[in-house]
Amino acid sequence: MTVAHRAVAGSAIADTRLVAPAEPLAHAPVARLRLRPGDRALVAPGELVHIGQPLLTQARETVLLEVPVRGDLGDRPPGTELDLTQLQSAKGSGRDQPRPGDRAYLLYVGTDRIARVVLARSPMTLTSPIDGVAEEVTASHISLRASGVGLRAPVGWGQPVVGRVILAVASPDTELRSGAVDISAAGGILVAGARLDIEALTRARAIGVAGIICGGVVGRELQQLDESDVRQRAALHTVSPFAILALDGFGRRPIPTLAWDLLAAAAADERVVGILPDARLAVVGGDPSTLPLSSWPSDAVRVSAGDGAGRAGRLVGLAGPVRRPGGIYQSSGYVAFGATADSPAGRRLVALADLERLG
């Protein structure tokens, strides 16, 4: 590191090869959807999948039964659909007993010769939010190879949704307020910037927004959404599909620069984006080569962690090992930032480990 520092001592631009590159946009990404006990895939391996095509049936309510093995029940493979007449000897009473309209699936047969069977009730059909092909279909998951450009995220919540891209904020570090959400966004995917408050989230669901893509989200807001969903499912109310994808984790986190560029280009081109929360993935449909993505200079970097996370600037020099809080020494560099809504322009010392290369 000291040699690199000496090499650029008289240079105005540092060698950005010392900075790790930003995670690239995923072309034709693979999305893996989890199948819970009682769910049933409606596609086969190798089948072409289109937006709006039924993908799987999901039970709003499931009941686990224990059934003594009789006849050929012990010879059937897991996932086999059973006739309800085979479950007359099931243990339990009341709501745990099979009802007309229930679908029964064998989970496994234990060493005690007791078969564990799941009853699926009140099924709902989930449709595909993306175009692609089903690469793998098993009892536990469906793998889809999507057509388009994918954005990976650490946090996803909700059900698969699709809608047109709508920029609800002016910059990736701006918070979405409830007053900025209007009825024209119904059926769309809102790009919400750094984070959204609970009032904006509630209003978006109420007017029929399909999903929200943001930089960060607060855990308690997801917990409130979970509790609301549980109450509606318990009452067997129809729940409109809704999804949240936080591209940079929890808290107030600006949308990563490359992701913002892609979403802004998709909004200008009036494209649709599909969100698969289970796979923590958003897919912008269409031919990626026709998107007018902006290009970054070779010295462009983004702060990925620590103070100023999410800001983009230019790496203008290397400072060598610098003592940081806690007594450790980290290789650092000088980054020139432009002015934003929250921070003035200026030059700061940032650890190279907290930077990612955009150029």
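Condition check ((1) of a type in the set (D, E, K, R); (2) under 17 Å from T257 (Cα atoms); (3) open to solvent by 20 Å² or more (accessible area, probe 1.4 Å); (4) out of contact with any Pro (no Cβ under 9 Å at 6 or more places or on another chain)) across all residues:
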{"position": "G313", "(1), (2), (3), (4)": "no, yes, no, yes"}
{"position": "G320", "(1), (2), (3), (4)": "no, no, no, yes"}
{"position": "G327", "(1), (2), (3), (4)": "no, no, yes, yes"}
{"position": "G338", "(1), (2), (3), (4)": "no, yes, yes, yes"}
{"position": "A345", "(1), (2), (3), (4)": "no, no, yes, yes"}
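A quick yes/no check of all residues on (1) over 24 Å from R34 (Cβ atoms); (2) touching a strand residue (DSSP E or B) at 6+ places or on another chain (Cβ under 8 Å):
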site	(1), (2)
W157	no, yes
L176	yes, yes
G187	yes, yes
D197	yes, yes
G211	no, yes
L222	no, yes
D229	no, no
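Pick from L245, L258, L318: which is farther than 30 Å from S143 by Cα and not in a loop (DSSP other than H, G, I, E, B)? Criteria check complete, one pass: L318. Kindly provide the set of residues from segment 113-143 that are open to solvent by less than 20 Å² (accessible area, probe 1.4 Å), touching a Gly at 6+ places or on another chain (Cβ under 9 Å) and over 30 Å from G251 (Cα atoms), ordered by number. A115, V118, L119, A120, R121, G132, A134, listed by residue number.
Residue by residue, here is whether (1) over 27 Å from S122 (Cα atoms); (2) among the β-branched types (V, I, T); (3) under 20 Å from the mean Cα position of the chain (by Cα) holds:
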residue	(1), (2), (3)
V181	yes, yes, no
L190	yes, no, yes
L196	yes, no, yes
E199	yes, no, no
G219	yes, no, yes
D226	no, no, yes
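Within segment 173-215, the residues that satisfy the criterion of being more than 15 Å from R252 (Cβ to Cβ) and hydroxyl-bearing (S, T, Y) are S178, S184, T202.
Would you mind stating whether V181 is modelled with pLDDT under 85, more than 24 Å from I130 (Cβ to Cβ) and out of contact with any Ser or Thr (no Cβ under 9 Å at 6 or more places or on another chain)? Talk me through it step by step, then tell me what you get.
Details: modelled with pLDDT under 85: no; more than 24 Å from I130 (Cβ to Cβ): yes; out of contact with any Ser or Thr (no Cβ under 9 Å at 6 or more places or on another chain): yes.
No.
Among the residues of segment 281-304, those that are part of a loop (DSSP other than H, G, I, E, B), in contact with a strand residue (DSSP E or B) (Cβ under 9 Å, 6 or more places away or on another chain) and under 22 Å from Q53 (Cβ atoms) comprise G285, G286.
Within segment 31-55, residues that are over 20 Å from G150 (Cα atoms) sit with their Cβ atoms under 6 Å from residues that are of a type in the set (G, A, S) and surrounded by fewer than 18 Cβ atoms within 10 Å (Cβ to Cβ), at 6+ positions apart or across chains, in these pairs: L35/S140.
Tell me, which strands (runs of 3 or more DSSP E) wholly within segment 129-217 include 1 or more residues that are over 30 Å from P77 (Cα atoms)?
Values: elements: 132-137, 141-146, 149-152, 155-158, 161-167, 189-191, 211-214.
Here the list reads 141-146, 149-152, 155-158, 161-167, 189-191, 211-214.
In segment 15-25, the residue that is modelled with the lowest pLDDT out of those that are under 23 Å from A279 (Cα atoms) and crowded, with 16+ Cβ neighbours inside 10 Å is A22.
Select from segment 262-280 the residues that are free of Cβ contacts under 8 Å to residues at least 40 places away in the same chain and either hydroxyl-bearing (S, T, Y) or in a helix (DSSP H, G or I) (or both) and list them in ascending order. Steps first, please.
Narrowing segment 262-280 to residues free of Cβ contacts under 8 Å to residues at least 40 places away in the same chain: 265, 268-269.
Correct list: A265, A268.
Given the condition at pLDDT 85 or above and under 30 Å from H27 (Cβ atoms), answer yes or no: does some residue in segment 94-117 qualify? The answer is no; no qualifying residue exists.
Within segment 160-178, being at pLDDT below 90, surrounded by fewer than 23 Cβ atoms within 10 Å (Cβ to Cβ) and either β-branched (V, I, T) or under 18 Å from the mean Cα position of the chain (by Cα) (or both) holds for V169, T174. Scanning segment 190-200 for residues that are at pLDDT below 90, open to solvent by less than 40 Å² (accessible area, probe 1.4 Å) and either over 24 Å from P256 (Cα atoms) or in contact with a helix residue (DSSP H, G or I) (Cβ under 6 Å, 6 or more places away or on another chain) (or both) turns up just one, A200.
The values are calculated or read from the model by the stated rules, or taken from the named source; none is laboratory data. All of these numbers come straight from a predicted model, not from anything done at the bench. Heads up, the Cβs are rebuilt from the backbone with ideal geometry, glycines too, and the neighbour counts pull from every protein chain shown. Note: accessible area is taken over every heavy atom of the protein model, side chains too, but ligands, DNA and RNA are not part of it. Shrake-Rupley method; radii C 1.70, N 1.55, O 1.52, S 1.80 Å.
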